[in-house]
Amino acid sequence: MRIKRTEIPAAEIARQLAICADLRQRFEGRAPLAMVDTFGCQQNEDDSEKLRGYLAEMGFGMTADEFAADVIVVNTCAVREHAELRVFGRLGALTHAKKEDPRRIVAVCGCMARQAHVVEKIKQSFRHVDLVFGPDELWRFPELIDTVLAKQTRVFAPGGGDGCVAEGLPRLRSDKVRAWLSVMNGCNNFCTYCIVPYTRLRERSRRPEDILGEARRLVAAGYKEITLLGQNVNSYGRDLENGAGFARLIREIDAIPGEFILRFMTSHPKDAGGELFTAMRESGKCERHLHLPLQSGSDRILRAMNRRYDAAGYLALVDRVRAAVPDIVLTTDIIVGFPGETDADFEETLRVIEKVRFDAMFTFIYSRRAGTPAAELPDPFTREEKQRRFDRLLEIQNAISEEKHRACVGRTLRVLIDGEDREQGVLTARSPGGRLVRLAGGAELIGRFADAEITGFSTWALRGRLI
Ligand code: SAH
Ligand code: SF4
Ligand code: F3S
């Protein structure tokens with residue numbers, strides 16, 4: 001699938017920034033505040049930092065209090081029904097803030113804002129929402145806000161085309177140690193259960209020089225962990241002329257001088273392979289971790305999901321990555337209860353999981369997404385049956401995760417201390433494979449690399465002691 005790339009001209013972004021400057025003058029004399037609420041994946045976190053960047057250019061300070069905010073933006077996720085229900089709950093709760101001050105602007109963006117039925121529902125039933133814009137319209141957020149303010153009207157801009165690439169947006173990062181770096185957007189895979197190709201549109205890659213420039217600036221600014229983002233990073237560069245691929249990108253970022261960790265997600269098993277594994281092994285900075293979503297271990301279900309690999313192919317790939325990158329930490333995603341999944345299919349999934357023994361797993365009960373092919377399939381199994389499978393899967397995986405963690409006890413690992421835990425006096429850190437390590441220490445250590453001896457573990461984390 002080759003599509004024409006739509007790149008937003010630099011002059012257009014300059015025009016958006018000029019609108020920001022105008023708005024800043026309009027707010028002169030007082031300090032307006034904005035709140036950006038984020039649901040969903042890291043791509044949305046990444047987008048929210050761009051929204052905050054634009055808002056800062058308009059002169060807004062940030063707040064977490066909706067009753068103090070002049071502008072409220074809710075950045076939404078449509079991946080499962082549960083996510084959508086949470087967003088609608090949040091939107092409902094915002095009626096109070098809007099009633100208290102009707103001049104307050106409420107905006108909704110992100111993946112839900114691209115779906116026609118959601119836009120219609122907001123139009124009819126969430127009348128306190130002033131602005132709706134899809135993920136691909138984010139680059140013209142200033143213009144949209146300006147229209148709402150100038151015309152005092154509701155604006156709906158879900159977006160039309162196949163997706164664009166926009167460079168040079170301002171950005172307000174929320175963390176000083178870890179940074180997101182989006183390398184591409186969209187997805188062409190059309191797994192039959194998934195809404196993402198419809199909300200995030202066609203795959204398009206940023207140019208390597210733009211990505212490298214941003215990576216260099218992040219390292220110079222003192223960031224210690226860079227996470228490359230894409231729905232399927234292994235197809236990075238296929239829409240570019242110069243043959244840039246993801247493995248080469250890893251090598252080039254790895255060559256930037258400085259001490260930092262390079263992570264990435266997500267890899268689709270159908271295109272992960274030798275070149276990437278070699279680049280990972282040879283890289284001094286790349287985290288020894290691969291998130292490789294399996295989804296199901298049943299060939300019949302994998303076919304129905306349009307995943308384009310089978311269980312044997314997946315297992316062979318795991319063998320290859322383990323041979324190429326010793327010590328690799330493997331994690332995965334599993335969907336339980338895809339339409340028509342039988343007990344026998346589920347047993348196949350368990351069989352693959354027992355063979356691979358993942359370090360960690362993210363499990364989801366299938367959620368019907370209107371407009372996707374799987375939504376039309378008969379789905380005879382009850383929620384209770386699916387829940388039973390889900391619980392069983394979790395129990396098996398928790399035992400495996402604990403066993404993997406137990407094997408780390410007594411080892412000394414080079415960790416990056418990246419934040420404070422909820423527990424007082426405890427810091428969070430990441431092992432070379434991306435495992436969460438909790439250790440005692442003061443906040444002044446955040447952003448430092450250190451050696452930690454692993455002294456204990458739980459299902460989700462290791463416990464360590466700084467050496
Ligand atoms: N692009 C990434 C992540 C996509 S969304 C990838 O392909 O790996 C993250 C996870 O959500 C998916 O891996 C899948 O396990 C799950 N997911 C997506 N759509 C779903 C649905 N309709 N119901 C349940 N889980 C779903
Ligand atoms: Fe969804 Fe599949 Fe694309 Fe991942 S690869 S975003 S699961 S369609
Ligand atoms: Fe959700 Fe969209 Fe991400 S649907 S998971 S926010 S790509």
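The values are calculated or read from the model by the stated rules, or taken from the named source; none is laboratory data. None of these values were measured; they are calculated from a predicted model. Positions of Cβ are backbone-derived with ideal geometry, glycine not excepted, and every protein chain shown enters the neighbour counts. These accessible areas exclude ligands, DNA and RNA; they are computed on the full protein's heavy atoms, side chains included. Shrake-Rupley method; radii C 1.70, N 1.55, O 1.52, S 1.80 Å.
Across the Cα atoms of region 412-466, what radius of gyration and what greatest pairwise Cα-Cα distance (Dmax) are found, in Å?
9.6, 28
Please give the Cα centre distance for region 105-120 versus region 295-328, rounded to the nearest Å.
Measuring centre to centre over Cα atoms gives 35 Å.
When the Karplus curve 6.51 cos²θ - 1.76 cosθ + 1.60 is applied with θ = phi - 60°, which whole-Hz ³J(HN,Hα) does each residue of region 16-23 get, with x for Gly and Pro?
Working through the residues one at a time gives 5, 5, 5, 5, 4, 5, 4, 5 Hz.
What number comes out for accessible area per residue over the chain if the probe is 1.4 Å? Units Å², please.
For the chain, the solvent-accessible area averages 43 Å² per residue.
Roughly how many percent of the accessible protein surface of the chain is carbon and sulfur, given a 1.4 Å probe and a whole-percent answer?
50 percent
So for region 329-467, Kirkwood radius off the Cα pairs, Stokes-Einstein at 37 °C and 0.692 mPa s: how many µm² s⁻¹?
192 µm²/s
Between L427 and residues 5 or more places away or on another chain, which pairs have amide H atoms under 5 Å apart, with H built 1.01 Å from N, and which residues are they?
Amide H to amide H, under 5 Å and 5 or more residues apart or across chains, L427 pairs with D421, L439, A440, G441.
Sort 285-293, 166-174, 131-139, 336-344 for me by packing, meaning the mean count of neighbouring Cβ atoms within 10 Å per residue, highest on top.
Descending packing order for the listed peptides: 131-139, 285-293, 336-344, 166-174.
Mind pulling the per residue volume of the convex hull built on the Cα atoms of region 137-220? Å³ is fine.
Once divided by residue count, the hull of region 137-220 is 144 Å³.
Taking only the alpha-carbon positions of region 292-406 and ignoring solvent, what does the Debye formula give for the base-10 log of I(q)/I(0) at q = 0.14, 0.22 Å⁻¹?
The computed values of log10 I(q)/I(0) come out as -0.57, -1.28.
Using every Cα-Cα pair within the chain, state what percent have a distance larger than 38 Å.
Beyond 38 Å sits 27 percent of the P(r) for the chain.
May I ask for the percentage of alpha-carbon pairs in region 98-177 that lie more than 22 Å from each other?
Summing the P(r) tail past 22 Å for region 98-177 gives 31 percent.
Could you pull out every residue, at least 5 positions away or on a different chain, whose amide H is within less than 5 Å of the one on V165? Hs are placed 1.01 Å off N in the peptide plane, and Pro or chain starts have none.
Residues meeting the criterion, in which the H sits 1.01 Å from N, are T6, E7, I8.
In whole Å, largest first, what are the principal axis extents of the Cα atoms in region 185-229?
Principal-axis extents of region 185-229 (Cα, largest first): 42, 20, 13 Å.
How large is Rg over Rh for region 84-238, taking Rg from the Cα atoms and Rh as the Kirkwood inverse mean of 1/r across Cα pairs?
Reported Rg/Rh (Cα atoms, Kirkwood Rh): 1.01.
With a cut-off of 8 Å between alpha carbons and a minimum separation of six or more residues, what is the relative contact order of region 51-206 in percent?
Reported relative contact order: 22 percent.
Would you please give the residues with an amide H less than 5 Å from that of H289, counting only those at least 5 places away or on a separate chain, with H modeled from the backbone geometry?
Distant-sequence amide H within range of H289: V329.
Considering only the chain, what is the antiparallel percent among its DSSP beta bridges, to the nearest 5?
In the chain, approximately 35 percent of DSSP beta bridges are antiparallel ones.
Angle between the Cα long axis of helix 208-220 and the longest principal axis of the chain, 0 to 90 degrees, nearest 10?
Once rounded, one gets 90 degrees.
What is the ratio of the Cα radius of gyration of region 10-157 to 2.2 N^0.38 Å, where N is its residue count, to two decimals?
The reported ratio for this selection is 0.97.
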